[in-house]
Amino acid sequence: MRILVWHVHGGWMEAFVRGQHEYLLPKSSDGGAWGLGRGGRDWPAAAREVDLDTLDPASVDAVVLQRPEEIAAVARTLGRRPGIDLPAVYLEHNTPKGDVPFTLHPLADQSSIPVVHVTHFNQLFWDTGTATTTVIEHGIPDPGHLYTGEREEMGVVVNEPVRRGRVTGTDLLPGFAGVGPLRVFGMGTEALPEALNLKGFGLSEERLRIAGDVPAPKLHHELAHCRLYLHPLRWTSLGLALLEAMHLGMPVLALATTEAGRAIPHGAGLVSNDVDDLQKFARRLLDDPDDAYAMGMIARESALQRYGLNKFLRAWDELLAELPKGTRRGSRPQSGTAFTSHDTDPSHDTDARHDPDARHHTERTHP
């Protein structure tokens with residue numbers, strides 16, 4: 001199939017573009033959120049950059065939508081309406097925001113476009129009404145068992161930790177820094193030292209080691225030197241960095257929120273909302289590299305089984321094969337769909353009854 005899909009979440013796309021299809025990635029001169037193309041990534045040749053304005057509409061077999069506004073963009077540029085004239089699925093990356101658990105999904109109560117969630121937690125907490133939903137869990141291209149744990153440090157991967165604050169558990173980092181050194185990777189981490197002010201907690205600035213935003217291969221090698229992986233995020237979808245750390249063979253510590261309890265098996269570390277217990281467990285692993293190594297092996301084995309690349313690609317192949325092959329010209333969306341009830345043209349704004357404050361924008365920064 002020839003699948004139109006925007007480069008929105010680079011980590012997820014790392015897996016998706018390794019399937020058997022051709023992936024058409026809109027590219028624009030400014031390279032922004034609506035035209036990133038490959039974004040300089042080392043992806044297979046099947047991930048091809050295209051100009052949406054000149055793309056042959058008939059050449060597209062399906063579209064994987066990731067933002068509500070993409071419905072209008074596809075209809076406007078291709079003249080084919082997702083879910084009506086063009087087979088489509090909507091991929092939901094995020095946990096709901098707003099009035100949880102009453103947050104209404106932008107594609108709630110419509111039957112033209114199925115909604116795909118990346119975790120069972122997200123499927124449970126988003127209110128999608130009568131819309132068809134399914135879960136396809138993340139897939140990770142295996143970076144290999146790189147773990148050495150030679151550094152007595154806790155590795156953390158988080159993007160924009162100062163801006164996102166409590167969502168990513170940034171306020172918890174000084175407490176863990178009191179237990180041992182933190183090595184933090186990700187975009188915007190250079191602002192952390194000033195924001196956390198470890199001196200105000202009586203801690204040396206050496207307890208916070210900023211590694212910054214580095215390419216994935218370097219990240220994997222650097223992270224694997226840390227004794228353990230810390231995942232203090234309160235309210236984000238299941239972080240790909242957590243799953244990558246497990247693939248590397250790292251023991252992991254995480255808050256018992258969102259999907260962490262399902263992702264991390266018994267014996268691979270600790271999942272708890274008792275921060276004191278997490279800190280004590282971190283100290284235990286920092287002091288016992290052999291124990292940390294053994295837990296990391298359990299984490300890796302579990303991650304390969306549940307979040308392996310082949311399992312992920314098979315699930316997407318099955319879903320895409322079930323999409324209608326032909327168009328349904330002349331059909332009208334039901335009342336309450338993501339399209340306006342007075343017009344079948346999805347280029348109009350989404351239904352006014354969907355609270356705009358509750359609607360989300362996919363976080364390209366989520367780890």
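The values are calculated or read from the model by the stated rules, or taken from the named source; none is laboratory data. Owing to the predicted nature of the structure, the values given are computational and were not obtained by experimental measurement. Glycine gets a Cβ as well: all are built from the backbone with ideal geometry, and neighbour counts include every protein chain shown. The area values use the complete protein model at the heavy-atom level, side chains included, leaving out ligands, DNA and RNA. Shrake-Rupley method; radii C 1.70, N 1.55, O 1.52, S 1.80 Å.
Take Ser29: with every protein chain present and a 1.4 Å probe, its accessible area is about 130 Å².
Based on the Cβ-Cβ distance of Ala256 and Gln20, what FRET efficiency does E = 1/(1 + (r/R0)^6) give at R0 = 35 Å, to the nearest 0.05?
Efficiency computed from Cβ-Cβ geometry: 0.40.
When the surface is traced with a 1.4 Å probe over the full set of protein chains, Met1 keeps roughly 70 Å² accessible. Summary of the geometry: segment 63-85 and segment 229-244, compared by the centres of their Cα atoms, lie 31 Å apart. Normalising the average separation of contacting C-alpha pairs (under 8 angstrom, six or more residues apart) by the number of residues puts the relative contact order of the chain at 19 percent.
When the chain is described by a simple charge dipole with +1 on each Lys and Arg Cβ and -1 on each Asp and Glu Cβ, the residue from Gly11, Leu25, Ile210 located farthest towards its positive end is Leu25.
In the chain, helical runs assigned H by DSSP with n ≥ 4 each contribute -39500 (n - 2.57); averaged across all residues and rounded to the nearest 500, the mean residue ellipticity at 222 nm is -8000 deg cm²/dmol. Apolar share of the accessible surface for the chain: 48 percent from carbon plus sulfur atoms, 1.4 Å probe. Return the single residue from Arg209, Arg163, Arg300 with maximal mean-square fluctuation; model: Gaussian network over the chain, springs between Cα atoms under 10 Å. Of Arg209, Arg163, Arg300, the Gaussian network model singles out Arg163 as fluctuating most. Post the alpha-carbon centroid distance, segment 40-54 to segment 130-147, in whole angstrom. One Cα centre to the other: 22 Å. A simple spin-label model places pseudo-atoms 7 Å from Cα toward Cβ; at Arg166 and Glu150 they are separated by 4.2 nm. In the chain, the longest principal axis of the Cα atoms and the axis of helix 69-78 are about 40 degrees apart. Loop-located GluC sites (Glu not before Pro) across segment 1-78 with a Cβ neighbour count of 14 or fewer within 10 Å are lacking, with loop assigned by DSSP.
Between 0 and 90 degrees, the angle of helix 309-322 with respect to the longest Cα principal axis of the chain falls at about 20 degrees. Averaged over its residues, the chain has an accessible area of 41 Å² per residue, based on protein heavy atoms and a 1.4 Å probe. In degrees between 0 and 90, to the nearest 10, how far off the longest principal axis of the chain does helix 289-306 point, with axes built from Cα atoms? Helix 289-306 sits at roughly 10 degrees to that axis. Here the extension length gained between Met187 and Thr54 equals 44.5 nm, from 0.36 nm per residue of separation less the Cα-Cα distance. Rounded to the nearest whole Hz, the Karplus-based 3J(HN,Hα) values (6.51 cos²θ - 1.76 cosθ + 1.60, θ = phi - 60°) of segment 118-124 follow the sequence 8, 9, 5, 4, 4, 4, 5, with x at glycine and proline.
The listed residues Trp235, Trp126 rank as Trp235, Trp126 when sorted by accessible area, largest first, using a 1.4 Å probe. Against the criterion of solvent-accessible heavy-atom surface with a 1.4 angstrom probe, Thr95, Thr148, Thr133 sort, most first, into Thr148, Thr133, Thr95.
Computed from backbone phi with θ = phi - 60° and the Karplus coefficients 6.51, -1.76 and 1.60, the 3J(HN,Hα) list for segment 235-245 is 9, 10, 5, 4, x, 5, 4, 4, 5, 5, 4 Hz; x is used for glycine and proline.
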